[in-house]
1. Using 5 Å bins from zero, what percent of all Cα-Cα pairs in segment 16-75 falls into each bin?
2. Just need the Rg to Rh number for segment 198-256, please, alpha carbons only, Kirkwood Rh.
3. With a 1.4 Å probe and all protein chains left in place, how much of the accessible area of segment 1-65 comes from carbon and sulfur atoms, in whole percent?
4. At what distance in angstrom do the alpha carbon centres of segment 56-89 and segment 120-138 lie from each other?
5. Under a Cβ-only charge scheme (Lys and Arg +1, Asp and Glu -1), can you give me the dipole magnitude of segment 17-57 about the Cα centre, in debye to the nearest 20?
6. If the limit is 28 Å between Cα atoms, which of LYS7/LYS121; LYS99/LYS157; LYS165/LYS217; LYS121/LYS157; LYS99/LYS165 go over it?
7. For a test of the definition: using alpha carbon positions, the gyration tensor, and the 1.5 limit on a/c, classify segment 116-161 as rounded, prolate or oblate.
8. Hey, any idea what Rg/Rh is for segment 128-253, computing Rh the Kirkwood way over Cα pairs?
Amino acid sequence: MARLEHKVAVITGAASGIGLAATRLFAGEGARVLAVDMEADALREAVAPLGSRVLPFIADVTQETQIEQAMATAAEVFSGIDVVIANAGIFGTQAPIEKASVEGFNRVMTVNVTGVVITIKHAVPHLTERGGGSIIIMSSVGALIGNPEAVAYTASKHALTGVMKVAARELAPNDIRVNTVNPGLVDTPMMRTVEAEICPEDPLQGRARLRDATFLKRFVQPEEVAELMLFLASDEARNCTGGMYMIDGGMQYGGGQDVN
Ligand code: NAD
């Protein structure tokens, strides 16, 4: 039997990278998925091949009324919500603190932290009504280490650890599990931007430097992150809550932060 048969998932940031990989995997494992993203054309194009199990929903995670509507739509169309993946996020511009723009800092915090809080806030009533569920917060190895020239991103992912800990305690009585997934360097469009910023004259060299800074000398693939999410979404993870699930090729013990 498929591992997510009869389950309904809402996945944010579903048009690209890890969110898209999770949408594909979850639909393949029998879930019905509300795929949320603010990039309308990219989202429609990405989910079109996935058939009627996946419903695209255009919304910005920083806009509370849009996310409230997204959750209501999933609950109405699919008769409830079991799993929420708060995945939408941005990296921001690389710069040392003394050159970082406050506007840019605030934007990263708003998308990566406030967006996750809004997503959880409006999912909880539906998960509770269902009798429980799983919330998976997309964090990063950046929640554990200090990444030079990425103060906003690093601060935002550290903040998500706090969000996860609070939500895990508050929601345990409702049998809602809350965990973070903490990848290292994942091979997605976001990583292409980082590579180009690290080495603008030769992004391929930037890519090689990043890859070689990992223990295992390879990028994590988005499908591999989706597999970890699948475990946390499934009943096999029924006792997993309040956890940080690393999928970083050992970067938490050193590596990627030395690339700049
Ligand atoms: P990506 O850029 O490929 O995809 C991100 C998606 O989020 C895009 O489709 C984008 O349109 C959407 N999005 C951005 N802001 C949004 C908003 N306000 N509302 C709705 N949708 C929005 O990136 P990715 O690498 O797949 O990253 C996904 C998540 O994984 C992010 O939270 C990121 O921080 C995290 N992550 C990525 C890596 C990596 O190396 N790529 C590592 C660790 C963690």
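1. Answer for segment 16-75: a P(r) of 4, 20, 30, 26, 16, 4, 0 percent.
2. Numbers: Rg = 15.1 Å, Rh = 13.4 Å.
Using Cα coordinates only, the ratio equals 1.12.
3. Values: 1400 of 2810 Å².
Carbon and sulfur together cover 50 percent of it.
4. If we compute the Cα centre of each part, the gap is 11 Å.
5. Values: 4 positive and 5 negative charges, 42 e Å.
The calculation lands at about 200 debye.
6. Numbers: LYS7/LYS121 20 Å; LYS99/LYS157 20 Å; LYS165/LYS217 31 Å; LYS121/LYS157 18 Å; LYS99/LYS165 32 Å.
In this structure, LYS165/LYS217; LYS99/LYS165 lie more than 28 Å apart at Cα.
7. Working: a/c = 5.50, a/b = 2.99, b/c = 1.84.
Prolate, because a/c is 1.5 or more and a/b exceeds b/c.
8. Working: Rg = 16.1 Å, Rh = 15.6 Å.
In segment 128-253, Rg relative to Rh is 1.04.
The values are calculated or read from the model by the stated rules, or taken from the named source; none is laboratory data. All values derive from a computational prediction rather than experimental measurement. Don't worry about glycine lacking a Cβ; one is built from the backbone with ideal geometry, like all the others, and counts go over all protein chains shown. Keep in mind that these areas ignore ligands, DNA and RNA; they rest on the heavy atoms of the full protein, side chains included. Shrake-Rupley method; radii C 1.70, N 1.55, O 1.52, S 1.80 Å.
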